[in-house]
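To keep things clear, I will list the structure first and then write my remarks on it.
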Amino acid sequence: MNWVANFYFREGPGIDKDAPKPEGLRLLGAVLVREWWDLLRLNVLFIAACLPLVTVPAAYFASVSVCVAMIEDRNVYLWRDFWDAFRSRFWAATLGGVVFAAAGALAWLALPAYAAEARSNLVFAVPFALVLAVSVLLPLLASSFLVSLAKAKGRSAGQVIRISALAVLARPLPGLAALSVVGALWLAHILFYPVSVFLPVLVNFSLGALLMSFAMLKGVELGCSQAARKQ
Amino acid sequence: MAGISLRKLRKTYGELRVIHDIDLEIADKEFIILVGPSGCGKSTTLRMIAGLEEISGGDLVIGDTIVNDVPSKDRDIAMVFQNYALYPHMTVYKNMAFGLELRRHPREEIDRKVKDAAEVLDITHLLNRKPKALSGGQRQRVALGRAMVRSPEVFLLDEPLSNLDAKLRTAMRAEITKLHRRLDATFIYVTHDQVEAMTMADRIVVMKDGYIQQVDTPQVLYDEPANVFVAGFIGAPQMNFLDVVIRKTAGGLAAEYEGQLLPLPEHLARAVSGHEGRNCVLGLRPENFHERPPVDVDPALTAPVEMSVELAEPMGAEVHLNGKLGSQGIIARVSPRCRARTGDTVPLIADLSAAHLFDKETEIALRTGRPAQ
């Protein structure tokens with residue numbers, strides 16, 4: 001069994017202090033390689049925290065908060081940091097969750113109605129397009145809101161909302177790309193069921209939170225610096 | 001205050017005694033190095049101080065308290081192990097913070113201490129990495145950092161540089177010395193590398209077979225070794241030893257080596273006065289052989305000798321000549337201009353003013369007060 005110990009304890013190549021920091025997809029890859037085990041644990045923790053259902057928004061916010069720390073290369077104590085975030089922003093996250101869920105439900109109700117009207121009267125194509133845009137941007141706004149909540153400590157609710165809106169408007173494409181990957185992840189789960197039965201248990205939630213956080217973080221940082229400049 | 005006293009400290013494993021009633025006083029904030037060959041008991045002594053080995057006899061006193069029965073965790077000491085003993089599944093940050101977490105320090109304090117230590121050791125960029133990715137030198141810094149965050153009164157370091165390559169070891173030697181000055185704590189350091197000991201220590205403890213041979217500053221150990229073992233252990237290349245007999249000559253006392261009379265300086269002559277015919281060991285360091293007569297030495301205390309070269313080792317700044325002086329092997333350190341090759345016979349001048357004399361039987365140094373250099 002020596003080879004196991006040798007593999008585990010062998011000396012690494014070292015990390016150059018002045019090495020350029022990875023950016024973009026390379027950074028995402030580095031985070032995934034470094035934090036894969038914690039991401040698996042985070043997924044399970046998230047599912048466990050969601051069991052009472054009313055805790056879903058706060059649990060998702062806690063996951064986003066942990067993911068932001070991972071992306072920023074901060075040290076993560078998974079259990080402690082998760083529950084700290086869960087407790088500290090429980091009400092804000094829950095309120096945000098209710099608002100976004102309501103908005104999403106309205107949009108999904110309105111979409112088929114406007115689509116049916118647009119078939120007989122072309123004027124309804126405009127509200128249909130608007131609702132369609134809103135329903136696509138809503139998940140981005142929700143993610144942006146949670147990342148802002150995690151990043152913008154000590155800011156008022158208004159400021160957090162402004163920052164998250166600005167982040168979506170400033171950098172919508174990374175958000176849409178991340179949303180597509182997350183959608184593909186869930187589609188894979190549906191298509192390959194029951195082979196993919198463990199996918200949501202292992203990665204779908206935490207990886208989804210990581211991807212969305214990664215996509216929105218730069219925009220949120222931009223919003224934060226704008227807000228700081230105004231102050 | 002963290003002065004440490006070892007009073008008749010003993011360690012036995014069954015019938016086998018590995019540490020023999022040693023006495024040692026270590027001053028507060030001193031950098032002391034235990035040095036000796038493998039199996040001499042230096043690591044065992046360190047582990048007894050750490051509380052990782054039971055003390056079989058004698059007292060270990062830290063400050064004013066006998067701590068023989070005090071658990072390791074309550075001794076206010078931190079130890080850095082040879083293999084670093086980092087937890088492979090934890091990040092550097094967690095490795096450094098772990099000890100403080102066990103002691104239930106406040107989270108903010110842990111964070112501050114870890115970041116401060118990382119800053120000092122220049123490992124801030126490694127905090128969120130696991131040991132697997134780190135090089136030996138980086139692991140070594142992390143191990144030091146883990147000890148530092150506890151702000152102990154005493155640091156125990158068990159051959160912390162032995163796993164590093166030569167270049168890194170030299171760099172880390174300087175780093176640890178600087179760290180000692182910065183932390184202002186007592187450092188007890190174990191090594192078998194006498195270069196490490198000479199360059200870093202305030203005082204060196206030379207050990208052999210569980211006994212302390214000599215305790216003193218590096219320079220005193222080098223200039224005035226207490227016995228043949230210390231003389232041979234301290235200095236690289238090591239001191240040359242020649243079997244001699246003390247003879248009386250017209251000019252005073254001399255050491256006769258295979259028919260050649262080698263004049264003795266006054267402080268050695270006084271020590272063997274009245275002991276003509278006594279068998280002794282004459283010690284001469286490699287740098288005490290010169291190609292030309294040294295200008296700053298009394299010519300009466302030099303002797304021409306002939307060395308048959310068996311191997312010439314060019315070191316860049318100097319050449320080490322390995323060969324024979326008569327029937328006994330010696331090493332001479334000469335200038336890089338020396339063109340001697342294997343098989344050559346080289347005339348050298350032996351500087352006897354720096355010679356050492358030891359009793360052949362007891363191997364203890366024979367000398368009276370050496371004149372000021």
> When all alpha-carbon pairs of the stretch B:240-359 are counted, what percent fall beyond 20 Å?
Replying inline: 40 percent
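In the stretch B:4-227, carbon and sulfur make up what percent of the accessible area (probe 1.4 Å)?
47 percent
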> According to the square roots a ≥ b ≥ c of the eigenvalues of the Cα gyration tensor, what is the shape class of the stretch B:52-110, taking rounded for a/c under 1.5, prolate for a/b larger than b/c otherwise, and oblate for the remainder?
Replying inline: oblate
> Under a Cβ-Cβ cut-off of 14 Å, what is the net charge of the residues other than A:W79 that fall near it, where Lys and Arg count +1 and Asp and Glu count -1?
Replying inline: +1
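Take every DSSP beta bridge whose two residues both sit in chain B, then give the antiparallel share in percent to the nearest 5.
80 percent
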> What whole-number value in Å² describes the accessible area per residue of the protein assembly as shown for a 1.4 Å probe?
Replying inline: 50 Å²
> What is the helix-to-structure angle for B:107-121, meaning the angle in degrees between its Cα long axis and the longest Cα principal axis of chain B, kept from 0 to 90 and rounded to the nearest 10?
Replying inline: 30 degrees
>> How charged is the neighbourhood of B:P218? Take every other residue with its Cβ under 9 Å from the Cβ of B:P218, and add Lys/Arg as +1 and Asp/Glu as -1.
In response: -1
> With charges only on Cβ, +1 for K and R and -1 for D and E, what is the dipole size of the stretch A:23-230 about its Cα centre, in debye, rounded to 20?
Replying inline: 480 debye
> To the nearest whole number, what is the average tally of beta carbon atoms from other chains within 10 Å of the beta carbons of peptide B:240-252?
Replying inline: 0
> Based on the alpha-carbon gyration tensor of the stretch A:101-191 and its eigenvalue square roots a ≥ b ≥ c, which shape applies: rounded if a/c is under 1.5, prolate if not and a/b is larger than b/c, or oblate?
Replying inline: oblate
> Roughly how big is the stretch B:240-359's charge dipole about its Cα centre, with Cβ charges of +1 (Lys, Arg) and -1 (Asp, Glu), in debye to the nearest 20?
Replying inline: 60 debye
>> Using a 1.4 Å probe on the protein heavy atoms, what percent of the accessible area of the stretch B:242-283 belongs to carbon and sulfur?
In response: 46 percent
>> List, by residue number, every residue in the stretch B:83-105 with a reduction of 50 Å² or greater in accessible area between the chain on its own and the complete protein assembly, 1.4 Å probe.
In response: B:P88, B:K94
> Taking one equal scatterer on every alpha-carbon of the stretch B:314-365, how large is log10 of I(q)/I(0) by Debye at q = 0.12, 0.20, 0.28 1/Å?
Replying inline: -0.37, -0.84, -1.20
> Ranked from highest to lowest mean number of other Cβ atoms within 10 Å per residue, what is the order of the peptides B:57-64, B:313-320, B:353-360?
Replying inline: B:353-360, B:57-64, B:313-320
> Roughly how many Å is it from the Cα centre of the stretch B:230-258 to that of the stretch A:1-55, as a whole number?
Replying inline: 64 Å
>> Considering only C-alpha atoms, what is the centroid distance from the stretch B:262-290 to the stretch B:342-356, in Å?
In response: 15 Å
>> Net charge around A:V33, counting only other residues with Cβ within less than 14 Å of its Cβ (Lys, Arg = +1; Asp, Glu = -1)?
In response: +2
>> With angles folded into 0 to 90 degrees, how steeply does helix B:92-102 sit against the dominant principal axis of chain B? Use alpha carbons for both and round to 10.
In response: 70 degrees
>> A drop of at least 50 square angstrom in accessible area, chain alone versus all protein chains together, probe 1.4 Å. Which residues of the stretch B:113-140 meet that?
In response: B:H125, B:N128, B:R129, B:K132, B:R139
>> To check you understand DSSP bridge types, tell me what percent of the beta bridges within the protein assembly as shown (both residues inside) are antiparallel, rounded to 5.
In response: 80 percent
>> I'd like the interface area for chains B and A: accessible area of each alone minus the complex, both sides summed, 1.4 Å probe, protein heavy atoms only. What is it in Å² to the nearest 100?
In response: 1900 Å²
> Where does the Debye-calculated log10 I(q)/I(0) of chain A sit at q = 0.08, 0.11 Å⁻¹, using only Cα point scatterers of equal weight, no solvent?
Replying inline: -0.35, -0.64
>> Let me confirm one metric for peptide A:17-26, namely the mean number of other chain beta-carbon atoms within 10 Å of its residues' beta-carbons.
In response: 1
>> I need the per residue convex hull volume for chain B, using only the alpha carbons, in cubic angstrom as a whole number.
In response: 173 Å³
> Taking all pairs of different Cα atoms in the protein assembly as shown, averaging 1/r and flipping that mean, what Kirkwood radius in angstroms comes out?
Replying inline: 30.2 Å
> Add -39500 (n - 2.57) for each DSSP H run of 4 or more in the protein assembly as shown, then divide by its residues: what number comes out at 222 nm, to the nearest 500 deg cm²/dmol?
Replying inline: -14500 deg cm²/dmol
> How do the peptides A:202-208, B:43-49, B:270-276 rank, highest first, by the average count of neighbouring beta carbon atoms within 10 Å per residue?
Replying inline: B:43-49, A:202-208, B:270-276
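The values are calculated or read from the model by the stated rules, or taken from the named source; none is laboratory data. This one's a predicted model, so the numbers in the text were calculated from it and none came from an experiment. As a convention, Cβ positions derive from the backbone with ideal geometry for all residues, glycine included, and neighbour counts pool all protein chains shown. We work out accessible area using only protein heavy atoms, side chains counted, and drop any ligands, DNA or RNA first. Shrake-Rupley method; radii C 1.70, N 1.55, O 1.52, S 1.80 Å.
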